[in-house]
Amino acid sequence: MATSSSRSWFFGRTRALTRQIDEYLDSITQGAIVFHRGVDKYLREDEQGFQAKLAQLAELEHTGDSLKRRIQTEIYSEMLIPESRGDVLHLIWHLDEVLDNLKRKLQTLDLTRPRFPSVWHEDLLELVVAVKDTIDATVRGARAYFRDVRSVRDHVQQAIFFESESDRVEHRLLHAIYGSDLPPFDKAALREAVEDTSYIANLAEDAADHLLIYAIKRTI
């Protein structure tokens, strides 16, 4: 059973590291918001707005990478949290995959320019919101890991729920795409765009699954 002191192990001399991790988690949350707004700008054919969100997301990913390196260096150079060092670094790595894929997906939209018929815009935005909600729940769980480890499970369950919502909307969109009379090449391009977007929710759920394991280890 974890003691009160063990539950607050991350504070004290590690307070500066906690702030860095909070900043890192902020970059993930902000990245999900910018991604959502970027897709909305893309569908509205607001090219200037879309390019602004693309640049903003690239900057957030760069900031996240810098914070990730600082966190890694801090943990090893200061010999901090030796009992949970590997779990924290793996969690950061999984979340980095999420942020990297948010940027990559928006860049892919910029390069490939798939054209979604307006009838599917609402569904695509619903998918993006489900992705954002999955990421948000995972980030809340990550914050809880350092402050209230016993609440991590609730956040992970929320991430699982929102990921299942993204699957539901993905399948609905794919059925609509392949049931349409669009040319095969267009169908393939739209399918790839939908699947790539939904995949980000899968990555966030994977991070949440690992987070739950790390949290259980801390409460034993």
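Mind checking whether some residue in the stretch 105-115 is without any contact (Cβ under 8 Å) to a residue 40 or more places away in the chain, of a type in the set (A, V, I, L, M) and either surrounded by fewer than 21 Cβ atoms within 10 Å (Cβ to Cβ) or in contact with a strand residue (DSSP E or B) (Cβ under 9 Å, 6 or more places away or on another chain) (or both)?
yes
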Qualifying residue in the stretch 119-137 (condition: of a type outside the set (D, E, K, R), over 18 Å from D40 (Cα atoms) and in contact with a His (Cβ under 9 Å, 6 or more places away or on another chain)): yes
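So which residues in the stretch 37-78 are of a type in the set (S, T, N, Q) and either within 15 Å of K105 (Cβ to Cβ) or touching a helix residue (DSSP H, G or I) at 6+ places or on another chain (Cβ under 9 Å) (or both), if there are any at all?
Narrowing the stretch 37-78 to residues of a type in the set (S, T, N, Q): 48, 51, 56, 63, 66, 72-73, 77.
Result: Q48, Q51, Q56, T63, Q72.
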Would you confirm whether or not the stretch 154-164 contains a residue that is free of Cβ contacts under 8 Å to residues at least 12 places away in the same chain, within 26 Å of R44 (Cβ to Cβ) and surrounded by fewer than 22 Cβ atoms within 10 Å (Cβ to Cβ)? no
Of all residues in the stretch 133-149, how many are under 12 Å from I200 (Cβ atoms) and crowded, with 23+ Cβ neighbours inside 10 Å? 3
Scope the stretch 174-220; condition under 16 Å from L99 (Cα atoms) and in contact (Cβ under 8 Å) with a residue 60 or more places away in the chain; matching residues: D196, T197, S198, Y199, I200, A201, L203, A204, E205, D206, A207, A208
Hey, does the stretch 186-195 have a residue that's part of a helix (DSSP H, G or I), under 18 Å from A159 (Cα atoms), at pLDDT 95 or above and not acidic (D, E)? no
Specify the residue that is nearest to S27 (Cα to Cα); the eligible residues are those in the stretch 132-161 that are hydroxyl-bearing (S, T, Y) and under 12 Å from the mean Cα position of the chain (by Cα). T138
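Might you check whether a residue that is hydrophobic (A, V, I, L, M, F, W, C), closer than 18 Å to R19 by Cβ and at pLDDT below 95 occurs anywhere in the stretch 127-139?
Taking the stretch 127-139 and keeping what is hydrophobic (A, V, I, L, M, F, W, C), we get 127-131, 135, 137, 139.
Filter again for closer than 18 Å to R19 by Cβ, leaving 139.
Of the ones still in play, those that are also at pLDDT below 95 are none.
No: the stretch 127-139 contains no residue that is hydrophobic (A, V, I, L, M, F, W, C), closer than 18 Å to R19 by Cβ and at pLDDT below 95.
The values are calculated or read from the model by the stated rules, or taken from the named source; none is laboratory data. None of the values given here were measured: they were computed from a predicted structure. Here Cβ is always computed from backbone atoms with ideal geometry, including for glycine, and neighbour counts include all displayed protein chains.
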